[in-house]
Amino acid sequence: MYIAKVWKYRFLYLLLLPGLIYFIVYKYLPMFGLVIAFKDYSAFQGFMDSPWVGLRHFRTIFDSPDMVRIFFNTLYLNALQLLFAFPAGIVMALMLNEVKNTVFKRTVQSIVYLPHFVSWIVVVSIALTVLGSEGILNSLLEALGFQPINFLTSPNWFMPLITLEGMWKETGWGTIIFLAALSGINPNLYEAAVIDGGNRWQLIRFITLPSLRGTIAILLILQMGHVLDTGIEQILLMVNSLTKGVGTTLDLYVFQKGIEGADYSFATAFGLFKSLIGLVLILGANRLAKKVGEEGVF
């Protein structure tokens, strides 16, 4: 019976196959390499013959004198993204949802979504062109009689620039998700509210936003799993000797020590540590969401 059912939907399973192979090859098989987090791995000795060191690499994480600052940089950057970048998709979706001209709406939606497909190298190159010491913005400031601003070398500007670049690149992705959620709202709710005298702000406050609570909760839960992640491409391209004090995050630190320094065991241990923290935060956020009446992820 089961085989007959599988055969009936064989083409759907074939569509599933590429994604399944991807997860097996790139997500599950590499988990066997986690063993080097507990070894002093050497490429010459291999996985099996490298000596066991127990939790030494995990202790190294907390023994580093710079770790408190690096943790703070990471959490601070993620807090900025959560406070500004995450709501940007909601605001953009609400604005586009109020647009009645379909052509204009889809045009703006496409323009906002397009940066999602642009690589970080291109994004940072644009930032350097606009914000450099001889860039477009500083040239405009000088033409207006103002002093140029060292955007790219000032530690005070590093975090805001990283956040703004992320907003420009990823707001369109969040907008698509929330627009999909908005399309599922029953139009009769709006019609009934208008009959009762509700204005546009009241419709958004009492119908639209409550209808988005489930989607917002799920995305926030998933975001908790990446609270220690900042990515490496953008930070690596933006940081310099003058901003490394505020720009060194956990991902950049692991890249420099683990990859550039060839300390693969430490990099693996740090990755495992971050994954465990992310798992705990996701479970906690999911449980909290259920306690406040949301469905959660699982």
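Only the Cβ atoms of Lys and Arg (+1) and of Asp and Glu (-1) were treated as charged; on that basis the dipole of region 1-146 about its Cα centre amounts to roughly 960 debye. Among 38, 270, 23, the residue with the largest mean-square fluctuation in a Gaussian network model of the chain, with springs joining Cα atoms closer than 10 Å, is 23.
If you take the square roots of the eigenvalues of the alpha-carbon gyration tensor of the chain and sort them as a ≥ b ≥ c, do you get rounded (a/c under 1.5), prolate (a/b over b/c) or oblate? In terms of gyration-tensor shape, oblate.
Taking a span of 18 Å or more along the helix axis (Cα atoms) and a mean Kyte-Doolittle hydropathy of at least 0.5 as the rule, the DSSP H helices of the chain that qualify are 10-23, 67-80, 155-182, 209-224, 264-291. Taking 32, 58, 178 as the candidate residues, the one with maximal mean-square fluctuation in a Gaussian network model of the chain, Cα springs under 10 Å, is 32. Build a GNM of the chain with springs between Cα atoms under 10 Å apart, and of 267, 37, 143 the one that fluctuates most is 143.
Let a ≥ b ≥ c be the square roots of the eigenvalues of the Cα gyration tensor of region 1-73; is it rounded (a/c under 1.5), or, if not, prolate (a/b larger than b/c) or oblate? The shape class here is prolate.
Between the alpha-carbon centres of region 142-204 and region 225-284 there is a gap of 28 Å.
By definition, a body whose alpha carbon gyration tensor gives a ≥ b ≥ c is oblate when a/c is 1.5 or more and a/b is not larger than b/c, and region 146-298 fits this oblate description. With the highest mean first, a sort of the peptides 248-256, 96-104 on other beta-carbon atoms found within 10 angstrom per residue produces 248-256, 96-104.
Sparsely packed loop sites in region 211-298 (the GluC sites (Glu not before Pro) outside DSSP H, G, I, E and B with at most 13 other Cβ atoms within 10 Å) comprise 295. In terms of distances greater than 27 angstrom between alpha carbons, the cross-link table entries 100/169; 5/291; 100/291; 169/274; 27/244; 27/105 yield 5/291; 100/291; 27/244; 27/105. Placing unit charges on each Cβ (+1 for Lys and Arg, -1 for Asp and Glu) gives region 193-287 a dipole about its Cα centre, and among 269, 253, 225 the Cα reaching farthest toward its positive end belongs to 225.
A short reminder: the numbers here are calculations on the coordinates, not readings from a lab. Predicted model, so just to flag it, every value in this text is computed and none were measured. With ideal geometry, Cβ positions are generated from the backbone for all residues, glycine too; neighbour counts draw on all protein chains shown.
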